[in-house]
1. Can you find, within the stretch 114-165, the residue that is farthest from the ligand (Cβ to nearest atom) among those that are surrounded by fewer than 22 Cβ atoms within 10 Å (Cβ to Cβ), over 25 Å from Asp320 (Cβ atoms) and among the hydroxyl-bearing types (Ser, Thr, Tyr)?
2. From Glu205, Glu180, Glu214, Glu226, grab the single residue that is within 12 Å of the ligand (Cβ to nearest atom) and surrounded by fewer than 24 Cβ atoms within 10 Å (Cβ to Cβ).
3. Within 15 Å of Ile189 (Cβ to Cβ) and among the polar types (S, T, N, Q), is that true of Ser306?
4. Mind listing just one residue for me: the one in the stretch 39-48 that is buried (at least 17 other Cβ atoms within 10 Å of the Cβ) and either more than 9 Å from the ligand (Cβ to nearest atom) or polar (S, T, N, Q) (or both) and, of those, farthest from Pro177 (Cα to Cα)?
5. Tell me, please, whether a residue that is closer than 16 Å to Leu242 by Cβ, out of contact with any Pro (no Cβ under 7 Å at 6 or more places or on another chain) and at pLDDT below 95 can be found in the stretch 271-278.
6. Would you please name the residue that is surrounded by the most Cβ atoms within 10 Å (Cβ to Cβ), looking only at residues in the stretch 236-268 that are more than 15 Å from Val331 (Cβ to Cβ) and among the charged types (D, E, K, R)?
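The values are calculated or read from the model by the stated rules, or taken from the named source; none is laboratory data. Just so it is clear, the structure is predicted and the values come from calculations on it, not from any experiment. Cβ sites come from the backbone with ideal geometry, for glycine too, and all protein chains shown count toward neighbours.
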Amino acid sequence: MQRIALALQPQLKRIEVVLSPALLFSQTIGKELKTLSSRFALFCDETVAEKIGNRWLSHLEHHGLTVSLFTFPSGEQEKSRERKAELEDRLFSHHFGKECGMIALGGGVTTDLIGFLASTFCRGVPLVHVPTTLLGMVDAAIGGKTGVNTPHGKNLIGTLYPADKVLIDSSVLHSLPLEEWTHGCAEIIKYALIRSPSLFKLLQEWRTDPFYLEKVIHTSILIKAEVVETDYDETSGLRRILNFGHTIAHALEKLHNYTLAHGEAVAIGMLVESHMSMKMGLLPKERFDEIESLIRSFPFKLQICSSFSAEEFHSALLYDKKTIGGSPRFVLLEQIGSSCPFAGEYCTKVPSSVLEETIGWMLALFSEGV
Ligand SMILES: NC(=O)c1ccc[n+]([C@@H]2O[C@H](COP(=O)([O-])OP(=O)(O)OC[C@H]3O[C@@H](n4cnc5c(N)ncnc54)[C@H](O)[C@@H]3O)[C@@H](O)[C@H]2O)c1
């Protein structure tokens, strides 16, 4: 018998993130893209095409790039194997191949779908993410997770394929509907709570001018990148902190049949898990009060339907991937900007008395939309 140890793993891919207000329609955008390929497929959903994509295509062509635009309907249902295959066939019929670059212009649906497509098309082609939602800028376009949904669940098929470049122009957020803003805000508040007291302070003075937004987006990206870099393959436990607020949020989304907006669910989830941190004696009450007041200063509705019982909620919690031995586990805070390490697990089971009290607190407070 012979054994050969091959070290085929390439060096960790470097992602270049470029942030600048008005970047997309700048004079230098052509140069930015030409370093990757001389021919691109530009993908966006129909809403983004109307708001940005059609104009941007003309701008790119004007700056000497060869680009073909491919659009598809907007919405989460488009993150499917069927849409991916349909777009791949369109690419082949336009003679796209290995040397061509893919640009995903849009929210998390587009970056997830096109990221997955780019990772498998001719076994991997250059990829540029141009996120146009706040959630896309601070979360979906950063970290390299791509994927599509299946009838068996969300994001079940996909790859880890970081973009070569992420281009962020906060001025495109002006056309974003209010509800879409809240999804991104929830994730930014999460970064502040798990990792950055200074981001928390910045968020207490929330504004939407481009320079303020760029600072918030920049800080958020650095936090996500630091956590992902430290635990890229999700083996050390640290990446679990990105799940803060999400154990409760996912159970709420499931019980609402996915009609509760993700940002809303995460906002409630962060309040509930902060409350739990306080009840566990980890987070001081004054810090909990500050967290509650920050979350309430954002335009979240903080309302859940009360047509489920505490028992049903408890069962829904068990679908979480952190569940162990039939008990849910939670990421908890010890301070604003610091999650509890729990011996490198970064999550813990909580006594049933604390869990019951917390679920009761949540149902009493948010079922009435107080
Ligand atoms: N890969 C990851 O790490 C990761 C992380 C978080 C979320 N996600 C995924 O992201 C998806 C959600 O992303 P999303 O909330 O950005 O959704 P989305 O891509 O569906 O965009 C939301 C809506 O906003 C519209 N839109 C986008 N940009 C706009 C703009 N500038 N002006 C006006 N309208 C605009 C879109 O057409 C769409 O209707 C989910 O599928 C989720 O699973 C992935």
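1. Thr120
2. On the way: Glu205 fails: within 12 Å of the ligand (Cβ to nearest atom); Glu214 fails: within 12 Å of the ligand (Cβ to nearest atom); Glu226 fails: within 12 Å of the ligand (Cβ to nearest atom).
Matching residue, one of Glu205, Glu180, Glu214, Glu226: Glu180.
3. On the way: within 15 Å of Ile189 (Cβ to Cβ): no; among the polar types (S, T, N, Q): yes.
Against the criterion (within 15 Å of Ile189 (Cβ to Cβ) and among the polar types (S, T, N, Q)), Ser306 does not qualify.
4. Taking the stretch 39-48 as the starting set, the residues that turn out to be buried (at least 17 other Cβ atoms within 10 Å of the Cβ) are 40-45, 47-48.
Going one step further and asking which of them are either more than 9 Å from the ligand (Cβ to nearest atom) or polar (S, T, N, Q) (or both), we end up with 40-43, 47.
On the way: Phe40: 29, Ala41: 27, Leu42: 23, Phe43: 21, Thr47: 12 Å.
Checking each candidate, the answer is Phe40.
5. no
6. Glu264
Conditions tested, residue by residue: (1) modelled with pLDDT under 95; (2) in contact with a Pro (Cβ under 9 Å, 6 or more places away or on another chain).
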site: Gly281; (1), (2): no, no
site: Lys285; (1), (2): no, no
site: Ser306; (1), (2): yes, no
site: Ser315; (1), (2): yes, no
site: Leu318; (1), (2): yes, yes
site: Ile324; (1), (2): yes, no
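So that you can scan it fast, the table gives a plain yes or no per residue for (1) among the hydroxyl-bearing types (Ser, Thr, Tyr); (2) assigned to a loop (DSSP other than H, G, I, E, B); (3) more than 19 Å from Cys305 (Cα to Cα):
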{"site": "Glu334", "(1), (2), (3)": "no, no, yes"}
{"site": "Ser353", "(1), (2), (3)": "yes, no, yes"}
{"site": "Glu357", "(1), (2), (3)": "no, no, no"}
{"site": "Gly360", "(1), (2), (3)": "no, no, no"}
